[in-house]
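Here the structure is laid out as structure tokens; the discussion comes afterwards.
The values are calculated or read from the model by the stated rules, or taken from the named source; none is laboratory data. Everything quoted here is computed from the prediction, not taken from an experiment. Don't worry about glycine lacking a Cβ; one is built from the backbone with ideal geometry, like all the others, and counts go over all protein chains shown. Surface areas here come from the heavy atoms of the whole protein model, side chains and all, with no ligands, DNA or RNA. Shrake-Rupley method; radii C 1.70, N 1.55, O 1.52, S 1.80 Å.
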Amino acid sequence: MIEFSASILNCDFARLGSEIKAAEEAGVDAFHLDVMDGHSVPNISFGPPVTKHLRNLTKLPLRAHLMITDPVRYAPKFIETGADEVLYHIEVADSDTLPKLLELGKPVGISMNPDTHLESVYPILPKLSQVLLMSVYPGFGGQRFIPETLFRIETLKREIERQGLSVPVSVDGGVNPETAPDIRNAGASILVVGSALFRSVDYAEVVRQVKG
Ligand code: DX5
Ligand code: ZN
């Protein structure tokens, strides 16, 4: 079962309400909030106030992708304003990051940049709600999918199966109707889509093609 997770980073914020409604009517399964602090990544996006607006606009899951240097400090604010899940970056984590995030009582996933060694996540797989493999270097929507990600998806899937787990592998960056089939075949089950959705004229068609 493929989950289409719509990234709002490149939606029309002047019409956030109608964009969320249109995406929901088009059949997206969840919303992906790309939170950027201008420090961990070279861009600044939005914070808990936007999460609060989104929470009032949809009942679908809100998954907060925290591309920030201090996820432990800010994750509670995203949960308080309605996030159903928080995803932190392994590159900024230390040994107590995951335990502290898990104390918040919500599912916690991890995200890994394209050049981060997969093995670094193997020991903590059993505790994670998902592993989000970045298929672009984080910071901006509308970038080109990095094809080496396909091998990373397959390798990670093999390790998850070897450990007897069913942690979903998700992919974020440059996912669109053209790249989606290979991503699905490689074993990813959550596809994060931003610009390919919100820049399209027919949201439902994009959802159908990406979910196959
Ligand atoms: C990168 C962001 C983007 C966004 C979706 O920091 O995380 O990947 O979610 O990007 P596109 O527009 O490529 O779907
Ligand atoms: Zn993201």
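For Ser111, the residues whose modelled amide H falls within less than 5 Å of its own, excluding neighbours fewer than 5 places apart on the same chain, are Tyr88, His89, Ile90, Leu132. Using θ = phi - 60° in the Karplus curve 6.51 cos²θ - 1.76 cosθ + 1.60, the 3J(HN,Hα) couplings for segment 101-117 round to 5, 5, 5, 6, x, 10, x, 10, x, 10, 10, 10, 5, x, 9, 8, 4 Hz; x is entered for Gly and Pro.
Neighbours of Pro76 by Cβ distance under 12 Å: Lys/Arg scored +1, Asp/Glu scored -1, total +1.
Here Ile79 sits with roughly 30 square angstrom of accessible surface, probe radius 1.4 Å. Computed from backbone phi, the HN-Hα couplings of segment 50-61 come to 5, 4, 4, 4, 4, 4, 7, 9, 8, 9, 5, x Hz, rounded to whole numbers (Karplus: 6.51 cos²θ - 1.76 cosθ + 1.60, θ = phi - 60°; Gly and Pro given as x).
A 1.4 Å probe run over the protein chains yields, for the chain, 45 Å² of accessible area per residue, whole-number rounding. Let's test the formula: R0 of 35 Å, r as the Cβ-Cβ distance of Lys21 and Leu104. What FRET efficiency results, to the nearest 0.05? It comes out at approximately 0.75. Using a cutoff of 8 angstrom between alpha carbon atoms and counting only pairs six or more residues apart, the relative contact order for segment 29-130 works out to 23 percent. When you count the other C-beta atoms within 10 angstrom of each residue and take the mean per peptide, 120-127, 28-35 line up highest first as 28-35, 120-127. Whole-Hz Karplus values for segment 79-95 come out as 5, 4, 8, x, 5, 8, 7, 10, 10, 10, 8, 4, 5, 10, 7, 10, 5 Hz, taken residue by residue from phi with 6.51 cos²θ - 1.76 cosθ + 1.60 and θ = phi - 60°; glycine and proline positions read x.
With a cut-off of 9 Å between beta carbons, the residues surrounding Pro48 carry a summed charge of +1, where Lys and Arg count +1 and Asp and Glu -1.
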